[in-house]
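Notes to accompany the following structure.
The values are calculated or read from the model by the stated rules, or taken from the named source; none is laboratory data. Note that the coordinates shown come from a computational prediction; the quantities given were computed from them, not determined experimentally. In this analysis, Cβ positions are derived from the backbone assuming ideal geometry, glycine residues included, and neighbour counts consider all displayed protein chains.
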Amino acid sequence: MSIFSTRPGGSGPVKRYLIDSLRGALLVALLLMTAGGRTPAQTVVPFNQRDDTYPLLGLKRAREAFEYARSHLERQQEMFDKGLISFQELEQAQNLFADAEVNYQQSLLAVLFEKQFVSVREAVKYQAADGSKHVRIVLANTSGGSADFLKLVNVDEKLFRSLQPDIINDVYVSLLNDEGAIISQPYEVKVEQLRFGSPVELDFEILQDLDALTVDIVYGNGSRRTPKIFLQKDSSVDRVVVQSEQFSQEVELGGSASFDLNLELFSSTANTYKLEVAGLPRQITRYFVSGSGEARLSQLKFTERTNSVSAALRIFLPDRASGEVVIGEPIPFYVLAVPRDRNGILAGLEEGELSEDKIEALDVGFVKLEVVPRGQGKLLVKAPQLYHSIESDGRVEMSIVLVNEGTRRLDNVEVEIDAPFDWRKEADPRLIKSLEVSEERSVKLIFTPPVDIAVGRYEFRLRTSSLSDDQPIRGEDKTVTVEIKARTNLGGIFTLIALILLVVGGIVAFGVKLSRR
């Protein structure tokens, strides 16, 4: 009869013990061969190369080895208590069980780490009260249902819960731009524990205004996710946020300026808005153009794919100052984005009494801008005559008129004369300390030639310069031409005339004589 027979009535317990002992010996021998002849205390459960590729099957293999090692240890403990085996055999079973338990837990952790997953449930962009842009991120542990996973792997529930499969530890989050640079403040946020079913909300200030960014998530045992997401807009604000980088500009009278505008929609109820200007004097012409500057516009429409629109406000100042447009005094005004169904809300406001509190009370998107009128002097040179003819012993006396045709006082108006070699030049006055707007001043000029001047034409260049608000202003250059004539010889002229008269007289006398014959 085979020793493995378990026929009733036979020595069943002894045979079962022999069978279990043989199975244990075979498993130990297999473990020893796999471990390369290590001692039982160093024995581990056999490793299959595919366990890394299929961790769930590796977990199943480790669980079966653990269950067998546990039952084998229980039987060995029974036999040791009955004195049927030695303490060394019991210790060998204990070591085998310890190795199987560690391997089982490691396989279970590998599966749990593989199943861990952190997702971005919500990413909302909004503007804080101080004007800074923020992003509100909601992270969720979406590792899956623990109960379903527990049934799938058929693991002891107590052990499974002790490993905290519903918790992801040490989650690090930061926001990146397309170049991979961190644009969030704080740069990085750590979530100690992210529990399944308990999302965590994080708030970042973004240092770069973007509509799409990358969320960098590092968690667990080094797992990493970098999803690029398009930011939602906080529709609870229900308005358009208006911003301008060139919010304050200095513009010369008679000149123009352009204020760039960036409009970002934070609304779920309206998508068409009218642009309005409040606070600018009527003398200042204004209109809106598209971001490309090709077309005028008065209304903007946002689409599902376009939440940000660029535009520009162009203004034109009058040529002269007035009671409302004063040189050097800032003129604050507002650009508003008003929903189309609320057109006319500015009708009850008087532009001269506008304040930021009144604008905020309208509950619409707006931006405060400022223009500072600046005047600039313009120097005009009037010269009634630019050509003079004199003899070598004469001199030229002429005058020019300097006129300030600009909108600001001219200071230190100076006349410079570029004269030919050895000519003497004079300007009276040479320097005018100030020239008010529309004021005229006459300057006398004297040009004296040298003694041995030759006959011919000579040119003088008149240059005028001044300062207006510490900026150099130059007038138009003028060129004066002086012709030196040859001196007239009166004696020679008289002699020539006498000779001519004498010849004429002789001819007449000769003619008379001939007629008498």
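Quick look at the values:
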{"item": "Cross-chain or 6+ apart pairs with Cβ under 7 Å, region 401-420 first and at positive phi, then surrounded by 16 or more Cβ atoms within 10 Å (Cβ to Cβ)", "result": "ASN412/SER466; ASN412/LEU467"}
{"item": "Within region 205-229, tally of residues that are of a type in the set (A, V, I, L, M) and under 17 Å from ALA140 (Cα atoms)", "result": "4"}
{"item": "Unique residue being more than 28 Å from GLU391 (Cα to Cα), exposed (fewer than 13 other Cβ atoms within 10 Å of the Cβ) and either charged (D, E, K, R) or outside the structural domain of GLY394 (by TED's automatic domain parsing) (or both) when the list is LEU431, LEU502, LEU496", "result": "LEU502"}
{"item": "Region 469-484 - residue that is assigned to a strand (DSSP E or B) and farther than 21 Å from ASP422 by Cβ and, of those, farthest from the chain's Cα centre (by Cα)", "result": "LYS478"}
{"item": "From ARG314, ARG282, ARG320, residue being touching a Ser or Thr at 6+ places or on another chain (Cβ under 7 Å) and assigned to a loop (DSSP other than H, G, I, E, B)", "result": "ARG320"}
{"item": "Test result for LEU210, in a loop (DSSP other than H, G, I, E, B) and over 17 Å from the mean Cα position of the chain (by Cα)", "result": "no"}
{"item": "Residues (over 19 Å from GLU264 (Cβ atoms) and free of Cβ contacts under 8 Å to residues at least 24 places away in the same chain) located in region 194-212", "result": "none"}
{"item": "Residue satisfying condition, being in contact (Cβ under 8 Å) with a residue 60 or more places away in the chain, surrounded by 15 or more Cβ atoms within 10 Å (Cβ to Cβ) and part of a strand (DSSP E or B), within set VAL191, VAL240", "result": "VAL240"}
{"item": "Residue in region 279-290 that is of a type in the set (A, V, I, L, M, F, W, C) and in contact (Cβ under 8 Å) with a residue 60 or more places away in the chain present", "result": "yes"}
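So that you can scan it fast, the table gives a plain yes or no per residue for (1) touching a Pro at 6+ places or on another chain (Cβ under 6 Å); (2) among the basic types (Lys, Arg); (3) assigned to a strand (DSSP E or B); (4) surrounded by 18 or more Cβ atoms within 10 Å (Cβ to Cβ):
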| site | (1), (2), (3), (4) |
| --- | --- |
| GLN249 | no, no, yes, no |
| LEU261 | no, no, yes, yes |
| LEU275 | no, no, yes, yes |
| THR303 | no, no, no, no |
